[in-house]
Amino acid sequence: MSSIFSQLITFIRFFSLEFLTGLAAAIVLGFLSQRIWLIVFVVLLAVFLIYGVFSRKYKILKAGPTGYFYTFDSNKDCKIFIRNGEVADSFSYLGVSGDSIIELFRKWVAHGDLISAYNFLLMNPDSPNLKWQIAFEKGVSLGTDFDSLTVELKNTINREVTAARQRIRSCIELLKTLPPYKSGNLHIKLYDPFIPYWMYIMDKKTIYLGIMENGKRGHDSPVLVIARRQHYASLFDTFKNSWDKLWMDAIEIKE
């Protein structure tokens, strides 16, 4: 009898130990399971948020410039013109007088048409805004009363306006002598407004945008390289649309 009772006590102890051990294990596993799901949820949420943030930042980066130069020297022009490094179909130019590129451009096209279209937008030498274009290069801020400038600075600006007019007219006459103009593939137009930047547009895919700093000439200022994006608008579209509007409103040079 005592043996049976002893066995019963042993069974109860064993069952209690197994039950408590199993219960403790279940509690621990349940807790860990909840923690695992919590960790998984937190990780997935973090990935989603990080993807959203970086995806947007990536698109912003893609929509912006693809290159930057502190200045734009003749070596960059040589790559575009002489070596035909970047232009395969069309070239468009926006600038005050074209004097910084005209010789390189002349060498590039001296032997005939290399591409299908050349477009030059030069400033109208008779535009009243030419004075402000030159004044800006001399460090005069926009909106400044011209009469408030010193006599010496006004005389300097007026002399350089006269020189700029001559450079523009000389550039036009030189462009008219080139093979692309004679074949009808080179078009020249004159614009009137003050424009604080210059542009090269290659193949309607890439823009070199010269940001004219106050007090500096165009090629001494920084340059952004902006590429067209296929699936969404970018800075390229902004400046290409500006170019198109200027071209639409400009006066075409004809024989």
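Bear in mind that the values in this text are calculations on the coordinates, not laboratory data. All values derive from a computational prediction rather than experimental measurement.
Could you work out the relative contact order of the range 67-252, using alpha carbon pairs under 8 angstrom and six or more residues apart, expressed as a whole percent? Please report the intermediate quantities before stating the final value.
Values: 300 pairs, mean separation 57.4, N = 186.
Answer for the range 67-252 is 31 percent.
Got a sec to turn the phi values of the range 165-177 into Karplus ³J(HN,Hα) couplings, 6.51 cos²θ - 1.76 cosθ + 1.60 with θ = phi - 60°, whole Hz, x for Gly and Pro?
Those phi angles translate into 4, 5, 5, 4, 5, 5, 4, 4, 5, 5, 4, 5, 8 Hz.
With θ set to phi - 60°, apply the Karplus curve 6.51 cos²θ - 1.76 cosθ + 1.60 along the range 228-242 and write out the HN-Hα couplings as whole Hz, x wherever there is a Gly or Pro.
6, 10, 6, 10, 7, 6, 8, 4, 4, 5, 4, 7, 5, 5, 4
Please compute the alpha carbon radius of gyration of the range 116-254, then divide it by the globular-protein estimate 2.2 N^0.38 Å. Two decimals is fine. Kindly include the intermediate steps, with their values, before the conclusion.
Values: Rg = 16.6 Å, N = 139, 2.2 N^0.38 = 14.3 Å.
Taking the Cα Rg and dividing by 2.2 N^0.38 Å, one obtains 1.15.
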